[in-house]
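Asker: I'd like to ask you about the structure that follows.
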Amino acid sequence: MTLPAAPPLRLALCQLPANPAETDHLPLALEALRGAAAAGATVAVLPELFRGPYFCQDMHPAAFDRAEAVPAGPTTVALQHVARTCGLVVVGSVFERAAPGLHYNTAIVIDADGRVAGCYRKAHIPCDAGYEEKFWFAPGDSGFPVFATRAGRIAVLVCWDQWFPEAARLAALGGAELIVYPTAIGSLPAEDAAERARQQDAWRTVQRGHAIANGCFVAAVNRAGREGQIDFWGLSFACGPQGEVIAEAGSAPATAIADVDLARVSEVRNLWPFFRDRRIDLYGDLLRRWRTAPGGAP
């Protein structure tokens, strides 16, 4: 029996510039999405919190005024319009106000007809120099959903989620053929060129590992340039289910295009049957907060 061919998927990684002047980047994002559609893209992904500056570098409560409702807020409505008019699946990132005093770092998936396919609330919230996100966001409560779109089955994780293999595995087990990561990552002034290179290599390697371990496509979409104390790398890229890089951007704002053959997901999973050979009966310790080592140290 011959299975039907998977739909063609042309993925646009819309790498937008950093925003040191604190301007509204929504018009720039909409222009990038229209350009992606003109280039034949069927799915386009924007960086994390693309509309304004990466305000999470500091703790200044006035920036809570940037938050908006999801999906009824103006950013979602604008993305719905461009998705519908361009026939494009759009992944956007929004600072969500869920209730007074309750905010999430939320990604929205909009299908090519303008319908909101669903939302993902960032699960892993960092607290690090330059990334004070625990002040701004509650940990997400959406789980790791997979969204059925006209272009395929897509899961969305966000930035810091990139470092957690459990999240990618759950998305893949949920049926994701493509996992995308809206991202805001870069280097700090104290980090020299060698450290910056090590971090960039680790960042790419861990995501390529997610693709390989789960037999699916993975893409990360970053912002590019200096903003406050962070020098955002850019370097957005997409890779296939054997970790092969199929599209990448440099360090400047750009849109990279990747042609994604979804049929390879089944082919590679049959060739490397990691899902078949998992030993979930042995993984109970994953649900513990830690495991004590023989020497007594956690």
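Asker: What strands (runs of 3 or more DSSP E), lying completely within region 134-195, carry at least 3 residues that are under 23 Å from R10 (Cβ atoms) and in contact with an Asp or Glu (Cβ under 8 Å, 6 or more places away or on another chain)?
Answerer: 152-156
Asker: Looking at (1) part of a helix (DSSP H, G or I); (2) over 22 Å from P145 (Cα atoms), which one does Q80 not meet, given that it meets all the others?
Answerer: (2)
Asker: Then there is this: Identify all residues within region 134-176 that are acidic (D, E) and over 14 Å from Y120 (Cα atoms); write none if there are none.
Answerer: E166 - this is the single residue of region 134-176 that is acidic (D, E) and over 14 Å from Y120 (Cα atoms).
Asker: Among (1) within 19 Å of the chain's Cα centre (by Cα); (2) at positive phi, there is one condition C127 misses while meeting the rest; what is its number?
Answerer: Of everything listed in (1) within 19 Å of the chain's Cα centre (by Cα); (2) at positive phi, C127 misses just condition (2).
Asker: List pairs: first in region 134-148 and among the hydroxyl-bearing types (S, T, Y), second part of a strand (DSSP E or B) and surrounded by fewer than 17 Cβ atoms within 10 Å (Cβ to Cβ), Cβ under 9 Å, 6+ apart or cross-chain?
Answerer: Filtered contacts from region 134-148: no entries.
Asker: Which members of region 108-153 meet the condition of being farther than 21 Å from L30 by Cβ and among the polar types (S, T, N, Q)?
Answerer: Once the filter is applied, which keeps residues that are farther than 21 Å from L30 by Cβ and among the polar types (S, T, N, Q), region 108-153 yields only S142.
Asker: Could you tell me which numbered condition P27 fails, if it satisfies all but one of (1) in a loop (DSSP other than H, G, I, E, B); (2) modelled with pLDDT of 95 or more?
Answerer: (1)
Asker: Being over 13 Å from the mean Cα position of the chain (by Cα), crowded, with 24+ Cβ neighbours inside 10 Å, at pLDDT 95 or above and not acidic (D, E), is that true of even one residue in region 190-202?
Answerer: Scanning region 190-202 turns up no residue that is over 13 Å from the mean Cα position of the chain (by Cα), crowded, with 24+ Cβ neighbours inside 10 Å, at pLDDT 95 or above and not acidic (D, E).
Asker: In region 213-233, how many residues are over 14 Å from the mean Cα position of the chain (by Cα), under 14 Å from A168 (Cα atoms) and surrounded by 19 or more Cβ atoms within 10 Å (Cβ to Cβ)? Give the derivation first.
Answerer: Applying the first criterion (over 14 Å from the mean Cα position of the chain (by Cα)) to region 213-233 yields 213-216, 224-233.
With under 14 Å from A168 (Cα atoms) added as a condition, the list becomes 213-216.
Going one step further and asking which of them are surrounded by 19 or more Cβ atoms within 10 Å (Cβ to Cβ), we end up with 214-216.
Of the residues in region 213-233, 3 are over 14 Å from the mean Cα position of the chain (by Cα), under 14 Å from A168 (Cα atoms) and surrounded by 19 or more Cβ atoms within 10 Å (Cβ to Cβ).
Results for (1) at pLDDT 95 or above; (2) at positive phi, shown as yes or no for each residue.
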| residue | (1), (2) |
| --- | --- |
| L3 | no, no |
| A12 | yes, no |
| E22 | no, yes |
| E31 | yes, no |
| A37 | yes, no |
| H81 | yes, no |
| G87 | yes, yes |
| P100 | yes, no |
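Asker: Would you check if R150 is more than 16 Å from the chain's Cα centre (by Cα), surrounded by fewer than 24 Cβ atoms within 10 Å (Cβ to Cβ) and either over 15 Å from C216 (Cβ atoms) or not hydroxyl-bearing (S, T, Y) (or both)?
Answerer: yes
Asker: Please verify whether region 170-182 includes one or more residues that are buried (at least 17 other Cβ atoms within 10 Å of the Cβ), over 14 Å from the mean Cα position of the chain (by Cα) and farther than 25 Å from V260 by Cα.
Answerer: no
Asker: Just to be sure I understand the filter: pairs with C-beta atoms under 6 Å, separated by 6 or more residues or on different chains, first member in region 226-239 and charged (D, E, K, R) and modelled with pLDDT of 95 or more, second member crowded, with 24+ Cβ neighbours inside 10 Å and in a strand (DSSP E or B). Which pairs pass?
Answerer: D231/G186
The values are calculated or read from the model by the stated rules, or taken from the named source; none is laboratory data. Small disclaimer: the values here were computed from a predicted structure and weren't measured. In this analysis, Cβ positions are derived from the backbone assuming ideal geometry, glycine residues included, and neighbour counts consider all displayed protein chains.
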